[in-house]
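**Student:** Can you read through this structure? Questions will come right after.
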Amino acid sequence: MDDVGAALAQLQREGLYRRPRTIAGFANGRAEIEGHEVLVLCSNDYLGLRDHPAVREAAAEAAIRWGAGSGSSRLVSGNLELHEQLERELAEFKGSEAAVLFGSGYLANSGVIPALAGAGGVILSDAHNHASIIDGCHRSGAQTIVYEHADLESLADGLRRADGRPALIVTDAVFSMDGDLAPLVGIVAHAARHGARVLVDEAHATGVIGPGGRGLVAALGLERQVDVTIGTLSKALGSYGAFACGSRQTCDWLVNRARTLIFSTALPPPSAAAGLAALRLLREQPQLVDRLHANARLIRAELDAAGLTPGHVQLGAPVAAREGGMAVVGARVDARIPIVPLIVGDPHEAVRRCEAALAAGVFVQAIRPPAVPAGSSRLRLTVSAAHTAAELRQAARVLAVSVGVAGDGALPDVHLAPAVRPHRHPEQRDDEADAADDHQDHADRVDVDAACRGRDRKLQDRADRDQEQ
């Protein structure tokens, strides 16, 4: 195992070594890490439903009724009434004829894509697609043509190179690392022109965008133009598992040909029940999506006001002087999307800023290659409907200090205040509650604002000295 040890050492030298952090407790957008309460800005629990009482109770009741696991694959003895009920309601929600459950988003993409494309065919895949899509393409046996990110001309060129062979276009709807949107209208137009099928992964779009959180495909009215949509239960729906939606015939085909479904134990009953409860909550309370959008807009505005606009953070200079802004990380950025990248570039610096933010009470993870291209290591912020306006305002100021500090500068001493609000779920929040949070936030801002001013003075002094030299 000497070669493994050497490889791990190399990862450490390159700033690419990873270790999981232990979470001792998680509720209402906050977690306990190493004995300290922190605000979590890196979870995909977009609607704050993972700890909703109805979701937790549904999981517990399913475990009591059905057991902790399904016992076998769907095609043996693991196909429960609960699975079929969830599939029916997911299909209705997505506006499709049918849906099929998978064990995870990774299993869905790595099983569905090979079932739809094989030897002799061509897959057109966006350059920024998720790893599960990339691996599904590799497993398919089809020729994969990677087109430039969100570039319709590059896609058209790839379709011409397909030269009439069966073609499948695969794209994320919302790209998970940058938060930008796929140009779906143009994609389906090209698909129709060339007779290609379209698969859209809405893992980060379901519950996030579109009417009632139905996704980008529904937002654009493209349900009949997109052949298959992939979704997940593990992000906005707060549970675990995934699904594929399409025609009844397509879903029957997946049941018979998607190896990751055929050869995997069916989704555990507690996960299926929790996903079903969360889906029903979303349909009953679409205002959760509105709150998520408000929080997404707020964090962007507060970061910008603190001099840390989403995009590139220029090292060794005041962050307000950086170039690019949001345009550098996406062809089409929608301010309602809760994914906010702060691109640092160097992986060591991304880790350093992650640790500084965590020490100050904000948990925002450093994302490094291979999850993102080399030279684009970043902090990836994600907000939730569970966050309060006060928390996001204060977190933006903390991040302006801990993230925007120059590469060789000392980190100012600034901390996020612990939570003082009662445990409320997003649908229980109101203007009065936010006003109370804002009042509590006022005193906290003073120290953070002072730290921001101190950081800016330090950076400006350094820039002045560099100019004199």
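The values are calculated or read from the model by the stated rules, or taken from the named source; none is laboratory data. Just so we're clear, the structure is a prediction, and the values are computed from it rather than from any experiment. Cβ: placed from backbone, ideal geometry, glycine included. Neighbour counts: every protein chain shown.
**Student:** Among the residues of the stretch 183-201, write down those that are outside any helix (DSSP H, G or I) and out of contact with any strand residue (DSSP E or B) (no Cβ under 7 Å at 6 or more places or on another chain).
**Tutor:** PRO183, GLY195
**Student:** Which members of the stretch 144-182 meet the condition of being surrounded by fewer than 18 Cβ atoms within 10 Å (Cβ to Cβ) and either in a strand (DSSP E or B) or polar (S, T, N, Q) (or both)?
**Tutor:** Selection gives VAL146, SER154.
**Student:** Just one of the numbered conditions (1) out of contact with any His (no Cβ under 7 Å at 6 or more places or on another chain); (2) on the phi < 0 side of the Ramachandran plot is not true of GLY67; which one?
**Tutor:** If we test GLY67 against (1) out of contact with any His (no Cβ under 7 Å at 6 or more places or on another chain); (2) on the phi < 0 side of the Ramachandran plot, just (2) comes out false.
**Student:** Answer yes or no as to whether ALA219 is at pLDDT 95 or above and under 23 Å from ASP135 (Cβ atoms).
**Tutor:** no
**Student:** Further, regarding this structure: Working carefully through the options ALA98, ALA62, find the one that is touching a strand residue (DSSP E or B) at 6+ places or on another chain (Cβ under 8 Å), surrounded by 13 or more Cβ atoms within 10 Å (Cβ to Cβ) and hydrophobic (A, V, I, L, M, F, W, C).
**Tutor:** Exactly one of ALA98, ALA62 is touching a strand residue (DSSP E or B) at 6+ places or on another chain (Cβ under 8 Å), surrounded by 13 or more Cβ atoms within 10 Å (Cβ to Cβ) and hydrophobic (A, V, I, L, M, F, W, C), namely ALA98.
**Student:** So for the stretch 110-126 (the condition being in contact (Cβ under 8 Å) with a residue 24 or more places away in the chain, under 18 Å from ILE230 (Cβ atoms), assigned to a loop (DSSP other than H, G, I, E, B) and of a type in the set (Ser, Thr, Tyr)), does at least one residue qualify?
**Tutor:** No, the stretch 110-126 contains no residue that is in contact (Cβ under 8 Å) with a residue 24 or more places away in the chain, under 18 Å from ILE230 (Cβ atoms), assigned to a loop (DSSP other than H, G, I, E, B) and of a type in the set (Ser, Thr, Tyr).
**Student:** Output the residues belonging to the stretch 110-143 that are surrounded by 21 or more Cβ atoms within 10 Å (Cβ to Cβ), aliphatic (A, V, I, L, M) and more than 22 Å from the chain's Cα centre (by Cα).
**Tutor:** Correct list: ALA115, LEU116, ALA117, VAL122, ILE123, LEU124, ALA142.
**Student:** Quick check on ALA331: is it among the aliphatic types (A, V, I, L, M), surrounded by fewer than 16 Cβ atoms within 10 Å (Cβ to Cβ) and at pLDDT below 95?
**Tutor:** When the stated conditions are applied, ALA331 does not pass them.
**Student:** Given ARG224, ARG248, which one is of a type in the set (Lys, Arg) and touching a strand residue (DSSP E or B) at 6+ places or on another chain (Cβ under 8 Å)?
**Tutor:** ARG248
**Student:** Would you mind listing the helices (runs of 4 or more DSSP H) fully within the stretch 202-268 where at least 1 residues are in contact with a Gly (Cβ under 6 Å, 6 or more places away or on another chain) and in contact (Cβ under 8 Å) with a residue 12 or more places away in the chain?
**Tutor:** In the stretch 202-268, the matching helices (runs of 4 or more DSSP H) lie at 216-219, 259-262.
**Student:** Please identify the pairs in which a residue from the stretch 294-310 that is in the same structural domain as GLN394 (by TED's automatic domain parsing) has its Cβ atom under 6 Å from the Cβ atom of a residue that is among the charged types (D, E, K, R) and surrounded by 19 or more Cβ atoms within 10 Å (Cβ to Cβ), counting only partners at least 6 apart or on another chain.
**Tutor:** Matching pairs, first to second residue: GLU302/ARG393; ALA306/ARG397.
**Student:** Residue check, THR22 against (1) free of Cβ contacts under 8 Å to residues at least 60 places away in the same chain; (2) surrounded by 14 or more Cβ atoms within 10 Å (Cβ to Cβ); (3) not acidic (Asp, Glu), all met but one. Which one?
**Tutor:** (2)
**Student:** In the list SER96, SER43, which residue meets the criterion of being part of a loop (DSSP other than H, G, I, E, B) and more than 19 Å from LEU288 (Cβ to Cβ)?
**Tutor:** SER96
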